[in-house]
């Protein structure tokens, strides 16, 4: 395949067309790939790709893998625009909801796999690289935008911007989305985009709520303690911060705890992850993240985690980008 691609490049020409671009990303895949057998990783991706392309996007005009996801393009004309946009959004919503059970009936996938998917959609004019009647690849703004919007769809869900055409969607589809704004690296760094996020699934990352190139996200060194230690800290705990937060909101505490199997034993490789929002606190000249762990402790306890088992904690927040501060003459 790669040799044919190289041969066809000599004949390739650019051709423009309108496309609806859909970018998909399997959330948590990097962690999964880091602990799973390589054959299991490959089998999972094969199963996911086949199900998505065969059952959800069977009429795609072009698609290709993007490492741990897919790029899917469907062409449209003035006459088919509304149909393509409607189908793209409805299909993406259905896929996100059904993704946790996507491989349930595949006998080759008999191991724990990621259960969340992020999707970004955009439309517009793109350029295909075509030779001998074969499309080798695509490029253009809608592809870049869809990829960036996919990155906003966290922890999962569907995100599209206002240029896709909310008015083209039926009421029952519109009602599943919430209007928001987001700054996007390389595309909307100073003036935010108006975006629509899948309700109940997506929360725009704090990093994208402020103009770009001013703040960066900083994560404290990960702390490992037993679940019993976490319980004994009480319902609220003050995490001391090494850096001065640039913003008092958007402080998050990421907690990973063991996945408990059906036989009540700890999974040897996989963890569950949860994020708790913290409150900024300044006391006695120090900065803290004040965290209410009560609900999370209840959830972890109910999952069957035992006191001696280890949990990992990392605090994340925004700080002033030292490079920008130096350029502006502002101390970091």
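What percent antiparallel are the DSSP beta bridges of the chain, to the nearest 5? Just about 95 percent of them are antiparallel. Ellipsoid semi-axes for region 214-284, based on the Cα gyration tensor and the rule √(5λ), read 29, 15, 10 Å when sorted largest first.
Reported to the nearest whole Å, the Cα centre-to-centre distance from region 231-247 to region 41-61 is 43. Counted over all Cα-Cα pairs of region 1-73, pairs farther apart than 16 Å make up 61 percent.
Dividing the convex hull volume of the Cα atoms of region 86-190 by its residue count, what figure in Å³ per residue is obtained? Each step should come with its number before you reach the end.
Values: hull volume 16.8 nm³, N = 105.
Given the Cα convex hull of region 86-190, per-residue volume reads 160 Å³.
Grouping the Cα pair distances of region 226-332 into 5 Å bins from zero gives a pair-distance distribution of 2, 11, 19, 19, 14, 12, 8, 6, 4, 2, 1, 0 percent in increasing distance order.
Could you tell me the calculated FRET efficiency between residue 137 and residue 277, based on Cβ-Cβ distance and R0 = 35 angstrom, to the nearest 0.05? Walk me through the numbers on the way to the answer.
Working: r = 41 Å, r/R0 = 1.17.
My answer for the efficiency is 0.30.
Inter-label distance, residue 127 to residue 86: 3.4 nm, where each label sits 7 Å from its Cα along the C-beta direction.
Each label point was placed 7 Å from the Cα along the Cα-to-Cβ direction; for residue 59 and residue 167 their separation is 2.4 nm.
On the principal axes of its alpha-carbon atoms, region 2-212 has extents of 44, 44, 34 Å, going from largest to smallest.
The helix-based estimate of mean residue ellipticity at 222 nm for the chain, built from -39,500 (n - 2.57) per DSSP H run of four or more residues and divided by its residue count, is -7500 deg cm²/dmol to the nearest 500. Of 1, 150, 198, the sequence from fewest to most neighbouring Cβ atoms within 10 angstrom is 1, 198, 150.
Rounded to the nearest 0.05, the FRET efficiency derived from the C-beta distance between residue 267 and residue 232 at R0 = 22 Å is 0.35. At q = 0.13, 0.23, 0.24 Å⁻¹ the log10 of I(q)/I(0) for region 150-232 amounts to -0.54, -1.07, -1.13, computed by Debye summation with a single uniform scatterer per C-alpha, solvent ignored. Distance from the Cα centroid of region 145-170 to that of region 77-117 is 15 Å (rounded to whole angstrom).
Where a number appears in this text, it was derived from the coordinates with a stated rule and is not lab data. Just so it is clear, the structure is predicted and the values come from calculations on it, not from any experiment. So basically every Cβ, Gly included, is an ideal-geometry build from the backbone, and we count neighbours across all protein chains shown.
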